[in-house]
Amino acid sequence: MRIVVISDSHGASDSLRKVVSRNIGFCDFFIHLGDGERDVDSVRSDFPQADIRFVRGNCDYDSNAPGTLVIPACDGIKIFCTHGNRYHVHSSPMSVCYAAEEQGCRIALFGHTHCRFTAESGGIYLMNPGSLSLPRDGMPPSFGCIDIKDGNIVLSVSDLV
């Protein structure tokens, strides 16, 4: 199973469109971690066959989207998704890690910082895919991928080129 993870597109619908067009048919679904609901709506109209899951970010004003999602993947693995602002991820990703653990998830995804991050802590895999439009880590715009096979989890972050 492959899942493409996006966050913080902030109006860069062309960048989101590029990620979706290049990965549709090669992944099982997409997860957008917030601050780009209008971008998601725009891309969904262009790619109605794309399965794009979305959580509300702090800049998704008047959104009815959930603030968190727990998504079953495969091999009994569940994914905890949040934008991250309510978990104080600028200080540490550990509160997201604990929330994922409480929900029985092995993967915890968050955005908000606009900085790429992958780690493993106590059996929980953490990822921030960075930002599609406004990276704050001196790196190019980016997105993430999760590959799951036979219970093994591999996280990666790629430049948007």
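Readers should treat all values here as calculations from the given coordinates under stated rules, not as data from a laboratory. None of these values were measured; they are calculated from a predicted model. Quick reminder, even Gly has a Cβ in these numbers, built from the backbone with ideal geometry, and neighbours come from all protein chains shown.
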Within a Cβ distance under 12 Å of A65, other residues only, what is the Lys/Arg minus Asp/Glu net charge? -2
Applying a 10 Å radius around every beta-carbon, put 83-96, 123-136, 60-73 in order of their mean neighbour count, most first. 123-136, 83-96, 60-73
Net charge (Lys, Arg +1; Asp, Glu -1) of residues whose beta-carbon lies under 15 Å from that of I146, I146 excluded, is 0
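Which of the peptides 146-154, 104-112 is most tightly packed, and how do the rest follow, judged by the mean count of other Cβ atoms within 10 Å per residue?
Highest to lowest by the protection proxy: 104-112, 146-154.
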Note down the magnitude of the dipole of the chain about its Cα centre, charges +1 on Lys and Arg C-beta and -1 on Asp and Glu C-beta and zero elsewhere, to the nearest 20 debye. 100
Can you tell me what share of the DSSP beta bridges in the range 18-85 is antiparallel? A percent to the nearest 5 is fine. 55
Give the residue list of GluC sites (Glu not before Pro) in the range 7-110 that are DSSP loop and have at most 14 other beta-carbon atoms within 10 angstrom. none
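Just to confirm a number: summing +1 for Lys and Arg and -1 for Asp and Glu over residues other than Y98 whose beta-carbon lies under 14 angstrom from that of Y98, what do you get?
0
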Provide the per-residue ³J(HN,Hα) series for the range 58-75, in order, calculated from phi with Karplus coefficients 6.51, -1.76, 1.60 and θ = phi - 60°, each as a whole number of Hz, with x at glycine and proline positions. 5, 9, 8, 5, 6, 7, 9, 5, x, x, 9, 9, 10, 10, x, 9, 8, 6
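Give the peptides 45-52, 75-82, 4-11 in descending order of average Cβ contacts within 10 Å, highest first.
Working: 45-52: 12.5, 75-82: 19.6, 4-11: 26.2.
Per-residue mean Cβ counts within 10 Å order the peptides as 4-11, 75-82, 45-52.
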If you count the DSSP beta bridges with both ends in the chain, what percent of them are antiparallel, to the nearest 5? 60
Amide H contacts under 5 Å for I79, restricted to residues at least 5 apart in sequence or on another chain and with H modeled in the peptide plane, are I71, A73
Rg/Rh for the range 2-159 to two decimals, with Rh computed the Kirkwood way over all alpha-carbon pairs. 0.93
Cα shape, the range 1-84, gyration tensor, a/c 1.5 rule: oblate
